[in-house]
Amino acid sequence: MAPACRPDDLAILAAACERWGDNAAARLFGDFAFALWDERSGRLTLARDAIGMRMLYYFVDRDMVVFATTLRKMLALPQVPRDLDELAIGNFITQTQGDVERTLYRQIHRVPPGGTVVIERGVVQVDRYWTPRSIAPVRYTHDEDYVDAARELLDRAVASRLPSDGGVAAMLSGGFDSTAVVGTAARLLGDRRISAFTRIPGAAHPYDALDEAGLARQLAGGHANIDWMTIDDDIQLPRDREPELESPILCMPRTGAFNPTWFRPLLDAVEQAGARVLLDGGMGNMTLSWTGRPPYADHVRHGRLIAAARVVMDTRRAQRRSFSEILRKDVIPVLEPRSLRLWRWRLHDGGEAAMLRHCAVAADFLESLDFERHARALDQELPFELTGDIRAWRMKFIQAQYPRDVMAGNRHSFSFDQRDPMSDRRLAEFSLGVPNAQFFHKGETRWLARRVLADRVPRDVLIEHRQGRQCPEWHHIAKRRRDAMAVSIERIERSPLASRVIDVPRLKSLLDTFPEDAATAMKSSVEHGPMLLRGIQMGSFLRWHEGGND
């Protein structure tokens, strides 16, 4: 079972396995990973929760099976090969989702989220019990019935993740998801207290973004049992100067850019407060607070042009956006054939593959893998584009694995257990089964969440359409790392493996053109922020794996 499990959790698991055997996982709720060994038959079953919040890896050869909850534990055994999987490297650096069993190591596999692996007499059988096909449609007669059902599920999701003996904390921004979790937890706790931590900028920045701290203050002020704290520490960690330092711990690169360092003071404060559980709402955007998808394509496909025009008018009024912006960002992307969109991207980018726009990977490396064909099979030719079946697309992000790999590697860095009620399987199944019209209504996004949360979240949060910005002072942080980044790039260039995978000339160009002031950096935040840093992180990991120390 996962860390921090209670004795009654183990009893429930044992009873479920006794009754249902290999099928027990499909009947369990919550975050879990477990192994079931049947000595009489020599049958080993490995299983994970539906969302895949807890990790479980395995390696099989003729003589043994190794399984563990972190890559570091797997690689601690000399019998487990360390060979890298280059296709997985391509997935990681291009942020291609959906290949959930493949890890960065060729012979180490993940038990898939919502799946089981049965190993018997050397035969490995992988099965998935939670897929888009397993989600039942949710249909009610009245709109308010969806609201009532969602409120009940949200209450249950939060309640099931609260510790029984105090010591609960939560991450609190001014967005829908964290305010929903904290507001619900405060109501359920009654006289018991909850500590809420809000991360605010620690340095000056030019972004005219939503001030989420004010909204968090409103939520906290409405509950007498919330102890609210803001964290504004401006820190620099050793890993920021030497990206290789974490490689022996995580056995992979970090997935985030500047956010991990930005949130570290908040996590340290939670640790110092002695919390046993830290709640967050990270999965809400894909479950309860899903924005919904404007039905332009459906209307046009069925010849309902007036209805499509009405959606444009409703969206303009509800979101206070211009016609040109709605057409450019909403209408054209869903109506334009994918082949035409790919052609336009290539024409704009001088013939380069679409994924090169977002990452500093060497084009020759991707071509050697026939990566475009691989991405096409995963419906990911256009990075970050909402394409294909909407339920399958959402599930790819709900079950995204590389961030969970990092979370598993970091799990023992703190004594508290981090839990996300928005990833509750029951809530996710409901959200995936609800009609799109409950999420997008007359131009209004997140219509379901705006109604569901009206009884527990301040109105100012629910009428807000702007988004806050994590780590808005990224330029300040990156500028302090500039010399260290230059050293890292030089080391990457000297590594045969890293320099084959990473587009080193592009990294050098990005560093040479790094903006001197934050206002200018706003125009190139993607290139000089995540693209530059993620390229360095992957290159530094590859250099570490290769054994480079010069």
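The values are calculated or read from the model by the stated rules, or taken from the named source; none is laboratory data. It should be emphasised that the depicted structure is a prediction, and the values quoted were computed from it without experimental measurement. Positions of Cβ are backbone-derived with ideal geometry, glycine not excepted, and every protein chain shown enters the neighbour counts. Keep in mind that these areas ignore ligands, DNA and RNA; they rest on the heavy atoms of the full protein, side chains included. Shrake-Rupley method; radii C 1.70, N 1.55, O 1.52, S 1.80 Å.
Report whether or not Ala203 is crowded, with 21+ Cβ neighbours inside 10 Å and modelled with pLDDT under 90. When the stated conditions are applied, Ala203 does not pass them. Remark: pairs (first residue in the stretch 85-101, in contact (Cβ under 8 Å) with a residue 24 or more places away in the chain; second residue open to solvent by less than 20 Å² (accessible area, probe 1.4 Å) and among the small types (Gly, Ala, Ser); Cβ separation under 6 Å; 6+ apart in sequence or on different chains) = Thr96/Ala375; Gln97/Ala400.
The residues in the stretch 511-526 that are under 21 Å from Ser488 (Cα atoms) and of a type in the set (Asp, Glu) can be counted, and the count is 2.
Okay, residues lined up against (1) buried (at least 20 other Cβ atoms within 10 Å of the Cβ); (2) touching a strand residue (DSSP E or B) at 6+ places or on another chain (Cβ under 7 Å):
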| site | (1), (2) |
| --- | --- |
| Asp148 | no, no |
| Arg151 | no, no |
| Arg156 | no, no |
| Pro163 | no, yes |
| Asp177 | yes, no |
| Val182 | yes, yes |
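Polar (S, T, N, Q), part of a helix (DSSP H, G or I) and more than 16 Å from the chain's Cα centre (by Cα): is that true of Ser431 in this structure? When the stated conditions are applied, Ser431 passes them.
Residues in the stretch 106-123 that are in contact (Cβ under 8 Å) with a residue 40 or more places away in the chain and basic (Lys, Arg): Arg110, Arg121. Regarding the stretch 20-31, can at least one residue be identified that is more than 30 Å from Ala159 (Cβ to Cβ), open to solvent by 40 Å² or more (accessible area, probe 1.4 Å), without any contact (Cβ under 8 Å) to a residue 12 or more places away in the chain and of a type outside the set (Ser, Thr, Tyr)? Checked against the condition, which is being more than 30 Å from Ala159 (Cβ to Cβ), open to solvent by 40 Å² or more (accessible area, probe 1.4 Å), without any contact (Cβ under 8 Å) to a residue 12 or more places away in the chain and of a type outside the set (Ser, Thr, Tyr), the stretch 20-31 yields no hits at all.
Of the strands (runs of 3 or more DSSP E) lying entirely inside the stretch 114-212, the ones with 3 or more residues being under 16 Å from Ile226 (Cβ atoms) and over 21 Å from the mean Cα position of the chain (by Cα) are found at 194-199. I'd like the residue in the stretch 491-532 that is touching a Phe, Trp or Tyr at 6+ places or on another chain (Cβ under 7 Å) and at pLDDT 95 or above and, out of all such residues, is nearest to Leu84 (Cα to Cα). Checked the stretch 491-532; the qualifying residue nearest to Leu84 (Cα to Cα) is Val501.
With respect to Thr255, is the statement that it is crowded, with 18+ Cβ neighbours inside 10 Å and either more than 30 Å from Asp483 (Cα to Cα) or modelled with pLDDT of 95 or more (or both) true? Answer is no for this residue. Only residues that are within 27 Å of the chain's Cα centre (by Cα) and open to solvent by less than 70 Å² (accessible area, probe 1.4 Å) were counted across the stretch 461-488, and they come to 15.
Residue count for the stretch 38-64 satisfying the condition of being modelled with pLDDT under 95 and in contact with a Leu (Cβ under 9 Å, 6 or more places away or on another chain): 2. The set of residues from the stretch 493-550 being of a type in the set (Val, Ile, Thr) and outside any helix (DSSP H, G or I) comprises Ile502, Thr513.
Filtering the stretch 388-428 to residues that are more than 11 Å from the chain's Cα centre (by Cα), in contact (Cβ under 8 Å) with a residue 12 or more places away in the chain and outside any helix (DSSP H, G or I) leaves Asp389, Phe414, Ser415, Phe416, Asp417, Gln418, Arg419, Asp420, Asp424. With respect to the conditions (1) of a type outside the set (Gly, Ala, Ser); (2) open to solvent by less than 50 Å² (accessible area, probe 1.4 Å); (3) at pLDDT 90 or above; (4) not in a strand (DSSP E or B), Asp9 falls short on a single one, namely (3). Per the conditions (1) charged (D, E, K, R); (2) over 24 Å from Gly539 (Cα atoms); (3) open to solvent by less than 20 Å² (accessible area, probe 1.4 Å), the sole criterion not satisfied by Arg419 is (3). Scanning the stretch 375-402 for residues that are over 18 Å from Ile332 (Cβ atoms) and of a type in the set (Asp, Glu) yields Asp379, Asp389. Checked against the criterion of being in a loop (DSSP other than H, G, I, E, B) and more than 26 Å from Ala377 (Cβ to Cβ), the candidates Asp31, Asp99, Asp22 yield just one match: Asp31.
Looking at Ala297, Ala318, just one residue is within 30 Å of Gly433 (Cβ to Cβ), in contact with a strand residue (DSSP E or B) (Cβ under 6 Å, 6 or more places away or on another chain) and of a type outside the set (Phe, Trp, Tyr), and that residue is Ala318. Restricting the first member to the stretch 469-493 and to residues that are under 21 Å from Ala209 (Cα atoms), and the second to residues that are among the polar types (S, T, N, Q) and assigned to a helix (DSSP H, G or I), the beta-carbon pairs closer than 9 Å and six or more apart or on different chains are Gln470/Asn259; Cys471/Asn259; Cys471/Thr261; Trp474/Asn259; Trp474/Ser525; His475/Thr520; His475/Ser525; Ile477/Thr261. Sort through Ala498, Ala521 and tell me the only one that's touching a His at 6+ places or on another chain (Cβ under 8 Å) and open to solvent by less than 10 Å² (accessible area, probe 1.4 Å). The unique qualifying residue is Ala521. Output the residues belonging to the stretch 444-476 that are touching a helix residue (DSSP H, G or I) at 6+ places or on another chain (Cβ under 6 Å), part of a loop (DSSP other than H, G, I, E, B) and modelled with pLDDT under 95. Answer for the stretch 444-476, where residues must be touching a helix residue (DSSP H, G or I) at 6+ places or on another chain (Cβ under 6 Å), part of a loop (DSSP other than H, G, I, E, B) and modelled with pLDDT under 95: His465, Gly468, Gln470, Cys471. Here Met74 passes the criteria (1) within 22 Å of Arg48 (Cα to Cα); (2) surrounded by fewer than 18 Cβ atoms within 10 Å (Cβ to Cβ) except the one numbered (2). In the set (1) under 30 Å from Gly190 (Cβ atoms); (2) open to solvent by less than 60 Å² (accessible area, probe 1.4 Å), the condition left unmet by Leu250 is number (1). Checked against the criteria, Thr230 does not count as among the polar types (S, T, N, Q) and open to solvent by less than 10 Å² (accessible area, probe 1.4 Å).
Ile390 meets all of the listed conditions (1) open to solvent by less than 30 Å² (accessible area, probe 1.4 Å); (2) among the β-branched types (Val, Ile, Thr); (3) over 25 Å from Ala257 (Cβ atoms) but one, namely (1).
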